[in-house]
Amino acid sequence: MKRPLLTAATVACAMTTGAMSLNVYANEEYKLGLVTFLSGAASGPFGIPAKNAADLVIDAINDGTLPAPIEGKGIDGRMITPVYVDEAGGATKQTSEFRNLVERDGVDAVVGYISSGDCLAIPAVAEELKMLTVLFDCGTPRVFEEADYEYVFRTHSTASMDNIGAARYVHENVPDLESVAGINQNYSWGHDSWRDFTETLKVLRGGDLEITTEQFPKLFAGQYGAEISALQVNSADVIHTSFWGGDTDAFVLQAAARGLLADNQVIFTAGETALNSLGDHLPDGAIIGARGPFGPFAPESELNTWFQTEFTERFGTPPTFPAYHMAHALIGLKLAQDKAGVGASTEEVITAFEGLEFDGPGGRVEMSRGKGHQAATEMVYGRLKRVDGEITFTDITRYPADCVNPPEGAETVEWIKAGMPGAECN
Amino acid sequence: MKQLLAILVDGSVYASWLFIISAGLTLIYGVMRILNMSHGSFYALGAYSGAAMVGWYFSTGSVPWFSFVALIAAALVAGISVGLLVERGLLRFMYGRDEVVMILVTYGVLLIMEDAIKLIWGVEPYFAYQPYTLLGRTKFAGLSFANYDFMLIGVSILIGLALWYGLNRTRNGKLLRVVIHDREIASALGINVARIFTITFLIGAGIGSLAGALTAPGLSVVPGMGIEVIVLAFAVVVIGGLGSITGALVGALIVGMARAAAVHLYPDVELFVIYAVMGLVLAFRPQGLFAVANARKI
């Protein structure tokens, strides 16, 4: 008689303790470090839209109001408390800030980084401090091509995808293409973008490609008069630019005023951020990319409709690709954490995150590269066309992830030069 | 031939832009011996106030041509008002300090102004493109140029002439030159040096602000834009000689032409060429092309 009584008491005690600990856990916060540009030239077009998206998505996650297929309140039941950090200041400052987030603020995870320089500097520190880190916007392919990381993830494709897709698009859509010219920023982003674009085009055209001029103005130069003249003097069938943010705006304003955009076929691989503010200056026929299936190219879904509607209502402007990138990073993190289960260790969350496939407002994300830590998504380009004064897109081409992203383990440049073996474009 | 024409026009436009930015910086140094790090913030202030005013102006549906007046007036009012605040509220208490101290003080002003600009206008880009497209474009020799850029050349010539006339042909200008030569003797002769300093700082701040306003129509006005240009402005005034208006003009022309030639002929060295020119000039004339080497007072 004593034994069943003891067993019942033990079970009751265990259940009470378990319920109490679950309750205590549910009341805990999930401290999330969020690093994005809050000042400097990259803040307006990139950092602030990303922060706005973080505010919107975190509120929805905490309230449990994100549309299907995302379910549940908070991250594994915990309410997210964001700790924002300004990304301005360079890689050295950011590594210190990262340490502060981990050691002083005690965050559970970090989502951040727009600058490729920061994305190359942070992973080593994340590994050292064993901190789950999701890179949300930077484009350099070097992060997972040059090293393997256990604690670091990136939930969007690299810039290689933008430019391989751009080359495929102009190859297929610009008749009698013989020559190209480029204007790209004078740092790794601009040089890598131009290299991937021209190398892919050479492969697609059997090595036959004339490059009339390659312009690499300083980042945030603002004045492009001489470069525009050089593009006029050295006329080409297509002008390629991977300019972003304020540099895109300045180039569009100055080039449009001088007729360059109307007289030439220009492809803007990251031009989507300029659509809301300077769409009137872009001529019909301009080829626009959004660094993935984002903004006007986002596939129809309940989640995307919610994101676009809520973002526009709350912030007065539609979400651009940095906002989508942030949303994907947060949703990916939540799904991995939820999949790992309540009370899971960081290592268990990492296992859940590796190879994860999920749907964000910008469509399907497959963590299929970089040993399951690097995402691959589809890429979309289209030509701008005004209908009754409204900006729309025509000749929209969607390239599957396996068409424009190097396969697992491949190094981008070598893969392109080898003729992009295994690329699946249909 | 087409390329040469492009280099000359592009070089002239860029030089004009550089001169308008640098003129105020070199004037303040020449008279006050202050290497004004906050000059870039006055440039940004002019750009923001001009862009905000143009945005408001066009929202009222008023005559487009008067937007130029709105652009310039807003920048001058903002630049001179804030200049007065900075000079009367802070700098006048620092006069006579070491030049390095003044660099630190004005750097502090720069940081404060950058944050104040963000507090007032936020971090979203501002646009004032209407004046840029209003003037149309000119085509010749197969090239197309924005007429606004030619207007910029005209404005820089006007500013240069006004400064030359003001310094050389007016009574106040002569008083100012006395202060440049020796502020102690000038003071002993009864010249109100403090007043000269105030006026000089206001003119310098006003020109810096005007430069920002004239630049705003061709780009998006974003935080940090003032810091980007201050490095270029320093390169120009160092080449020409700190404190020399003629030096700023020649420095701007050298940098403008060198950069335009590099963009057209050797794009890879575009970034390097400006600082190569500066290094070359300093190697042979450490005081710059037009600054007179002074014996140090002990």
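Details
- Some residue of the range A:45-62 being modelled with pLDDT under 90 and either charged (D, E, K, R) or at negative phi (or both): yes
- Restricting the first member to the range B:266-282 and to residues that are in contact (Cβ under 8 Å) with a residue 12 or more places away in the chain, and the second to residues that are not aliphatic (A, V, I, L, M), the beta-carbon pairs closer than 7 Å and six or more apart or on different chains are B:Val273/B:Arg259; B:Ile274/B:Arg259; B:Val281/B:Gly288.
- Residues of the range A:245-274 that turn out to be in contact with a helix residue (DSSP H, G or I) (Cβ under 7 Å, 6 or more places away or on another chain) and not small (Gly, Ala, Ser), as a count: 13
- Residues of the range A:306-333 that turn out to be without any contact (Cβ under 8 Å) to a residue 12 or more places away in the chain and either within 24 Å of A:Val349 (Cα to Cα) or part of a helix (DSSP H, G or I) (or both), as a count: 3
- Of all the listed residues (A:Arg291, A:Arg258), the sole one being among the charged types (D, E, K, R), crowded, with 23+ Cβ neighbours inside 10 Å and under 14 Å from A:Val365 (Cα atoms) is A:Arg291.
Let's see how each residue does on (1) in contact (Cβ under 8 Å) with a residue 40 or more places away in the chain; (2) more than 14 Å from chain A (Cβ to nearest Cβ); (3) within 16 Å of B:Leu45 (Cβ to Cβ):
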position	(1), (2), (3)
B:Ile180	yes, yes, no
B:Arg183	no, yes, no
B:Val193	no, yes, no
B:Thr200	yes, yes, no
B:Leu210	yes, yes, yes
B:Gly226	yes, no, yes
B:Phe234	yes, yes, no
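- Condition met for A:Thr65 (more than 14 Å from chain B (Cβ to nearest Cβ), in contact with a Leu (Cβ under 9 Å, 6 or more places away or on another chain) and among the polar types (S, T, N, Q)): no
- For the range A:215-233, a residue qualifies if it is more than 7 Å from every other protein chain (Cβ to nearest Cβ) and modelled with pLDDT under 95, and the qualifying residues are A:Leu219, A:Ala221.
- Extreme residue, nearest to the chain's Cα centre (by Cα), among residues of the range A:228-238 that are buried (at least 23 other Cβ atoms within 10 Å of the Cβ) and in contact (Cβ under 8 Å) with a residue 40 or more places away in the chain: A:Val238
- Those residues of the range B:153-175 which are polar (S, T, N, Q) and not in a helix (DSSP H, G or I), in sequence order: B:Thr170
- The residues on offer are A:Asp148, A:Asp137, and the sole one that is among the charged types (D, E, K, R), buried (at least 19 other Cβ atoms within 10 Å of the Cβ) and in a loop (DSSP other than H, G, I, E, B) is A:Asp137.
- Filter result for the condition that a residue is of a type in the set (A, V, I, L, M, F, W, C) and either touching a residue at least 40 places away in the same chain (Cβ under 8 Å) or in contact with a Lys or Arg (Cβ under 8 Å, 6 or more places away or on another chain) (or both), over B:Leu85, B:Leu91: B:Leu91
The values are calculated or read from the model by the stated rules, or taken from the named source; none is laboratory data. Values in this document were obtained by computation on a predicted structure and should not be read as measured data. In this analysis, Cβ positions are derived from the backbone assuming ideal geometry, glycine residues included, and neighbour counts consider all displayed protein chains.
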